[in-house]
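S.K.: My questions will all concern the structure given below.
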Amino acid sequence: MSITQLKETAPFDILPEKILLQLRDSALQQTFPADTYIFKQKDEPTDFLYVIQEGMVEITAAVPGGQEMVVDYRKEGNFFGGTPIFSGQPYTGGARAVTATSCFLIPREVLTSVSNDYPQIREFFTKVILTRVRSLYADMVKENTSNALTQMEAYPFKKRLSEIMQSPVETCIEETPVRQVARTITHKKIGALIVVNAKGTPIGIISQRDLVAKVLAPDTADCENAQAKDVMTPHCHAMRPATYMYEAMTYMTAHKVKHLPIVDDGELVGIVTLHDLMRFRSQKAMLLVGSIRDENSLAGLARIKHEILTIARALLTETHSTPEVMEILSYIHQNLIKKTYAICYQQMLDEGHQPPSIRHAFLLMGSGGRREMLTSPDQDHGFVFENVSPQQLAKAEAFFIPFAEKLVTAFQEVGFPLCEGQVMVNNPAWRGRLDDWRERIHDWINDPEPQKVRYSSIFFDFVCLEGDQALADELQQIVFSEVREFKRFLYHMMTLDQTYRVPIGMLGRFLLEKEGTHKGQLSLKQGGIIYIVDCIRMFSLEQETPETSTLKRLEALTRNHIFERETAEHIKAAFEALTFLRLRNEIGLLDQGQEPGHYLDPNELTKGEQELLKESFNAVSKLQDATKRHFSKSFI
């Protein structure tokens with residue numbers, strides 16, 4: 001094994017040459033034939049770190065039904081199998097030789113001995129190793145953020161730390177008893193205390209975590225006599241008041257710092273927490289929500305809706321979390337819809353309409369129900385009423401029919417396009433009593449022809465946006481009950497989903513539209529995102545998971561051991577990457593004065609982005625295969 005190779009590879013690049021020689025001399029050599037397992041997921045550790053000399057290894061993770069999906073590849077110079085060396089836990093993924101592969105095996109006892117002097121080694125291997133999709137996605141987002149910062153004038157990036165820092169700062173001296181430090185932190189309800197010298201210059205910081213780790217947890221800790229200097233973290237990070245917010249955010253995130261002293265010419269003048277930065281980071285979005293609440297005209301709401309493009313662009317630059325962007329955009333959209341609903345309801349009263357005294361709920365469906373709205377979601381909604389007599393229903397409809405027409409028109413005026421499939425409250429098929437909905441759902445499930453399955457897919461993601469939440473809860477139980485009675489419906493959902501595949505050919509080339517408006521393009525939504533949403537929904541219906549958002553559903557399925565955590569992370573990374581590309585594409589089209597859409601030409605992406613897109617599509621394809629195996633096995 002070449003020490004030059006180790007010198008160039010993290011985390012070994014921090015080690016001196018004599019330690020690298022020790023690792024080399026202790027290593028064994030072993031060759032694994034092609035298509036053989038080196039170890040399997042959940043196997044007990046072999047107590048070796050594997051460094052690939054020649055060949056290729058695929059890292060696998062289990063999916064429902066006991067099948068596997070490939071989540072990463074390791075090539076010459078890469079290593080694998082290191083996490084259990086320090087955790088002692090079974091392997092979280094499998095390793096299989098793709099070709100005949102020769103590896104150097106570094107023994108556990110040698111690595112642990114080295115880590116005693118170089119704890120960075122242990123820290124590296126105890127972290128979760130990212131999948132290739134996650135790694136590529138992180139690189140793309142980082143590049144996008146860097147590029148955007150040079151051209152963007154978003155409000156939060158113009159703020160300096162002096163504008164948001166907390167002052168004065170709670171401090172103590174080195175000799176302050178630890179008990180007093182703990183009391184101060186508790187009584188002042190703060191996360192940390194700055195330790196200063198006689199000149200008032202910061203020399204350390206004590207956080208709640210420091211108190212737990214260094215005072216409460218150790219059996220040998222002297223709680224009575226310990227002083228601040230005994231538990232503080234010395235040489236704490238600090239910045240100047242003129243520092244821009246985005247610089248502090250980048251620094252604190254990279255160094256995992258939650259509290260940042262602000263120092264001016266050696267004097268402590270304030271403190272900023274990561275929570276402060278997160279709060280101000282989305283301030284413009286929250287100001288927009290405030291203006292929605294104060295607005296009382298549809299024209300005013302339409303103007304606010306137009307601002308969402310600016311918010312989306314800013315959020316995409318400010319955050320590394322696509323789910324957070326979707327959550328904030330959905331929150332704004334939902335507030336616009338709720339305010340529009342309130343304005344229309346008041347208009348009905350002003351026009352002399354008498355609202356019926358029956359319980360009802362306004363349901364938001366599709367991406368709105370999943371809280372996965374981007375720049376311009378269309379309308380997907382319905383009404384559910386309590387079970388009343390036909391006569392009472394007729395009286396109620398005298399109010400709700402004109403109200404429904406008013407709502408659909410108003411939503412369109414504010415900026416929400418009409419649903420092409422007419423999934424809207426002015427369509428009688430999307431209004432009804434609980435018993436009407438039960439009959440409708442029963443028909444969808446027991447006669448699952450394609451159009452009914454499509455309708456059910458939109459409906460099953462509903463949430464109650466206005467009205468009686470109890471009605472929505474009861475409606476969800478009706479859904480679970482009907483699916484439970486005829487689980488073969490999930491098989492039919494799966495077969496419809498399998499009609500279409502991801503746009504990747506046998507040789508790894510993108511399959512593009514050959515004619516029509518989108519010739520030479522592919523759809524991020526219909527080629528990938530929709531399959532993740534559909535597959536996760538099927539498992540959630542089977543498990544009767546009440547969550548509606550795709551990632552919350554995935555989390556619940558992982559907690560219930562339907563998905564292994566590594567597999568779930570791979571799916572989540574693919575979902576985030578495809579959504580990021582879609583949102584960025586929508587923003588680009590809007591900037592060009594075009595309608596937002598999910599079609600793009602992959603040849604206009606960078607090579608790294610093309611690779612990410614292919615990896616994401618491959619992850620979707622694996623999920624489709626796993627879903628097919630699971631539901632075919634269960635219901636045939």
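S.K.: With the structure loaded, tell me whether residue 594 is under 22 Å from the mean Cα position of the chain (by Cα) and at negative phi or whether it fails that test.
M.R.: Values: under 22 Å from the mean Cα position of the chain (by Cα): no; at negative phi: yes.
No.
S.K.: Can you tell me which residue is modelled with the lowest pLDDT among those in segment 118-134 that are part of a helix (DSSP H, G or I) and surrounded by fewer than 15 Cβ atoms within 10 Å (Cβ to Cβ)?
M.R.: From segment 118-134, those part of a helix (DSSP H, G or I) are 119-126, 132-134; that's our starting set.
Going one step further and asking which of them are surrounded by fewer than 15 Cβ atoms within 10 Å (Cβ to Cβ), we end up with 119-120, 123, 126.
Working: 119: 84, 120: 82, 123: 75, 126: 66.
That would be 126.
S.K.: Looking at segment 532-564, which of the residues that are within 15 Å of the chain's Cα centre (by Cα) and charged (D, E, K, R) is surrounded by the fewest Cβ atoms within 10 Å (Cβ to Cβ)?
M.R.: Restricting to residues being within 15 Å of the chain's Cα centre (by Cα) and charged (D, E, K, R), the top hit is 547.
S.K.: Of all residues in segment 499-538 being in a loop (DSSP other than H, G, I, E, B), within 16 Å of residue 624 (Cα to Cα) and not aromatic (Phe, Trp, Tyr), which is modelled with the lowest pLDDT?
M.R.: Keep residues of segment 499-538 that are in a loop (DSSP other than H, G, I, E, B), which gives 499-503, 505-509, 511-521.
Next, from what is left, pick out any that are within 16 Å of residue 624 (Cα to Cα): 499-503, 505.
If we keep only those that are not aromatic (Phe, Trp, Tyr) too, we end up with 499, 501-503, 505.
Values: 499: 82, 501: 86, 502: 92, 503: 94, 505: 88.
Ranking the candidates gives 499 first.
S.K.: Evaluate the following for residue 512: is it hydrophobic (A, V, I, L, M, F, W, C), over 29 Å from residue 91 (Cβ atoms) and out of contact with any helix residue (DSSP H, G or I) (no Cβ under 6 Å at 6 or more places or on another chain)?
M.R.: Numbers: hydrophobic (A, V, I, L, M, F, W, C): yes; over 29 Å from residue 91 (Cβ atoms): yes; out of contact with any helix residue (DSSP H, G or I) (no Cβ under 6 Å at 6 or more places or on another chain): yes.
Taking the combined requirement at face value, the residue satisfies it.
S.K.: Does at least one position in segment 563-572 carry a residue that is more than 16 Å from residue 133 (Cα to Cα) and out of contact with any strand residue (DSSP E or B) (no Cβ under 7 Å at 6 or more places or on another chain)?
M.R.: So the first thing to find is which residues in segment 563-572 are more than 16 Å from residue 133 (Cα to Cα), and the list is 563-564.
Okay, now just the ones that are also out of contact with any strand residue (DSSP E or B) (no Cβ under 7 Å at 6 or more places or on another chain), so 563.
So far as segment 563-572 goes, yes, one or more of its residues are more than 16 Å from residue 133 (Cα to Cα) and out of contact with any strand residue (DSSP E or B) (no Cβ under 7 Å at 6 or more places or on another chain).
S.K.: While we're on this one: Quickly run through segment 409-425 and pick out the residues that are of a type in the set (Val, Ile, Thr), part of a helix (DSSP H, G or I) and under 31 Å from the mean Cα position of the chain (by Cα).
M.R.: 414
S.K.: Continuing with the same structure: If a residue has to be part of a helix (DSSP H, G or I), under 29 Å from residue 64 (Cα atoms) and more than 24 Å from the chain's Cα centre (by Cα) to count, how many in segment 597-636 make the cut?
M.R.: 8
S.K.: Here's something else I'd like to know. Tell me the strands (runs of 3 or more DSSP E) entirely within segment 154-263 that contain at least 1 residues that are polar (S, T, N, Q), crowded, with 19+ Cβ neighbours inside 10 Å and touching a Leu at 6+ places or on another chain (Cβ under 6 Å).
M.R.: Working: elements: 171-173, 192-196, 202-207.
No strands (runs of 3 or more DSSP E) qualify here.
S.K.: Determine which single condition residue 517 fails, assuming it passes every other condition in (1) closer than 26 Å to residue 322 by Cα; (2) of a type in the set (Val, Ile, Thr); (3) outside the structural domain of residue 363 (by TED's automatic domain parsing).
M.R.: In the conditions (1) closer than 26 Å to residue 322 by Cα; (2) of a type in the set (Val, Ile, Thr); (3) outside the structural domain of residue 363 (by TED's automatic domain parsing), residue 517 misses (1) alone.
S.K.: Okay, moving on. I'd like the residue in segment 489-498 that is more than 16 Å from residue 529 (Cβ to Cβ), part of a helix (DSSP H, G or I) and of a type outside the set (Phe, Trp, Tyr) and, out of all such residues, is modelled with the lowest pLDDT.
M.R.: Here is the first cut: in segment 489-498, the residues more than 16 Å from residue 529 (Cβ to Cβ) are 489-496, 498.
If we keep only those that are part of a helix (DSSP H, G or I) too, we end up with 489-496.
Filter once more, so that each one left must be of a type outside the set (Phe, Trp, Tyr): 490, 492-496.
Details: 490: 93, 492: 90, 493: 91, 494: 91, 495: 90, 496: 87.
Ranking the qualifying residues of segment 489-498, first place goes to 496.
S.K.: Further question on the same structure: What are the residue pairs meeting all of these: first residue in segment 594-606, first residue touching a residue at least 60 places away in the same chain (Cβ under 8 Å), second residue surrounded by fewer than 17 Cβ atoms within 10 Å (Cβ to Cβ) and part of a loop (DSSP other than H, G, I, E, B), Cβ atoms under 7 Å, and 6 or more apart or on different chains?
M.R.: Correct list of pairs: 599/518; 601/520.
S.K.: Quick check, is residue 438 more than 27 Å from residue 559 (Cβ to Cβ), at pLDDT 95 or above and either in the same structural domain as residue 422 (by TED's automatic domain parsing) or not polar (S, T, N, Q) (or both)?
M.R.: Details: more than 27 Å from residue 559 (Cβ to Cβ): yes; at pLDDT 95 or above: yes; either in the same structural domain as residue 422 (by TED's automatic domain parsing) or not polar (S, T, N, Q) (or both): yes.
Considered against the rule, which asks whether it is more than 27 Å from residue 559 (Cβ to Cβ), at pLDDT 95 or above and either in the same structural domain as residue 422 (by TED's automatic domain parsing) or not polar (S, T, N, Q) (or both), residue 438 comes out as yes.
S.K.: Here is a further query. Give the number of residues within segment 426-476 that are outside any helix (DSSP H, G or I) and of a type outside the set (Phe, Trp, Tyr). Spell out the reasoning first.
M.R.: Residues of segment 426-476 outside any helix (DSSP H, G or I): 426-427, 431-433, 447-449, 460-468.
Checking which are of a type outside the set (Phe, Trp, Tyr) leaves us with 426-427, 431-433, 447-449, 461, 463-468.
Within segment 426-476, residues that are outside any helix (DSSP H, G or I) and of a type outside the set (Phe, Trp, Tyr) number 15.
S.K.: Quick one: residue 604 ticks every box in (1) crowded, with 17+ Cβ neighbours inside 10 Å; (2) within 20 Å of residue 139 (Cβ to Cβ) except a single one, so which number is it?
M.R.: Of the numbered conditions (1) crowded, with 17+ Cβ neighbours inside 10 Å; (2) within 20 Å of residue 139 (Cβ to Cβ), the odd one out for residue 604 is (1).
S.K.: Are any residues in segment 44-97 part of a strand (DSSP E or B), among the β-branched types (Val, Ile, Thr) and either surrounded by fewer than 18 Cβ atoms within 10 Å (Cβ to Cβ) or at pLDDT 90 or above (or both), and if so, which ones? Before you say what the answer is, go through the steps one by one.
M.R.: To start, the set of residues in segment 44-97 that are part of a strand (DSSP E or B) comprises 48-54, 57-62, 68-74, 79-80, 94-97.
With the extra rule that they be among the β-branched types (Val, Ile, Thr), the set shrinks to 51-52, 57, 59-60, 70-71.
The answer is 51, 52, 57.
S.K.: While we're here: Condition check: surrounded by fewer than 17 Cβ atoms within 10 Å (Cβ to Cβ), out of contact with any Pro (no Cβ under 6 Å at 6 or more places or on another chain) and modelled with pLDDT under 85. Does residue 102 satisfy that? Don't jump to the end; show me each part of the working.
M.R.: Numbers: surrounded by fewer than 17 Cβ atoms within 10 Å (Cβ to Cβ): yes; out of contact with any Pro (no Cβ under 6 Å at 6 or more places or on another chain): yes; modelled with pLDDT under 85: no.
No, not satisfied.
The values are calculated or read from the model by the stated rules, or taken from the named source; none is laboratory data. Because the structure is a prediction, the values reported are computed rather than measured. Note that each Cβ is placed from the backbone with ideal geometry, even for glycine, and that neighbours are counted across all protein chains shown.
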